[in-house]
1. Condition first: closer than 19 Å to residue 63 by Cβ, assigned to a helix (DSSP H, G or I) and without any contact (Cβ under 8 Å) to a residue 12 or more places away in the chain. Now tell me which residues in the stretch 14-41 satisfy that.
2. Given the conditions (1) buried (at least 17 other Cβ atoms within 10 Å of the Cβ); (2) modelled with pLDDT under 85, and given that residue 150 satisfies all but one, which numbered condition is not satisfied?
3. Confirm whether residue 123 is at pLDDT below 85, outside the structural domain of residue 45 (by TED's automatic domain parsing) and in a helix (DSSP H, G or I).
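The values are calculated or read from the model by the stated rules, or taken from the named source; none is laboratory data. For clarity, every value in this text was computed on a predicted model and none was experimentally measured. Don't worry about glycine lacking a Cβ; one is built from the backbone with ideal geometry, like all the others, and counts go over all protein chains shown.
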Amino acid sequence: MTGHMHEEELIAAARQGDQQAYARLMRSYKHMVYTVCMRVLRNREEAEEATQDSFVKAFRNLGAYQGGARFSTWLYSIAYRTALSALRTRRPGSMDLEATPEQALADTTPGVGHVQDLRMMVDAALARMPAEDAALMTFYYLEDRSVEEIVTITGLSVSNVKVKLHRARKRMLELVEGPWKAEAWTLIND
């Protein structure tokens, strides 16, 4: 039945309690919700847990989704807040990145697969920023969200979002050093 349904129909069906429709909705957003959680938590296990929590909360609160904002914006706001609250209640010393950002930056020298390397370098730079700033950069640049949508997702004011984005951009440029400056420039101008 859920084979050829549009997103609006899937949402409507899920609100009626159709778990298959909800499962399909979640499949299409799982990667991005996980990315949001990972940007904030920087720990695979915690990010996976926060992703599950986000989907449970979203399912419980589907009735409250009025369709004013994009469904994805509504869902990301739940994920963002779930990840932030997990970050605040985290046990000290549990932040364990698989590879440190410095290691990732050192490992990515321009050359083979440079687009992929550049993306890794951007990820490594994001990992060295405050969690909130990294999440905003993800929404704005990688997800192409407007400032207004980011306000909806984060609950921050417009001016606060703009200030944080400006600061995060400057930090990003400081982190993208050495051979990457030229590499990034050629990519932008390809």
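1. Once the filter is applied, which keeps residues that are closer than 19 Å to residue 63 by Cβ, assigned to a helix (DSSP H, G or I) and without any contact (Cβ under 8 Å) to a residue 12 or more places away in the chain, the stretch 14-41 yields 19, 23.
2. So the condition that residue 150 fails would be (2).
3. yes
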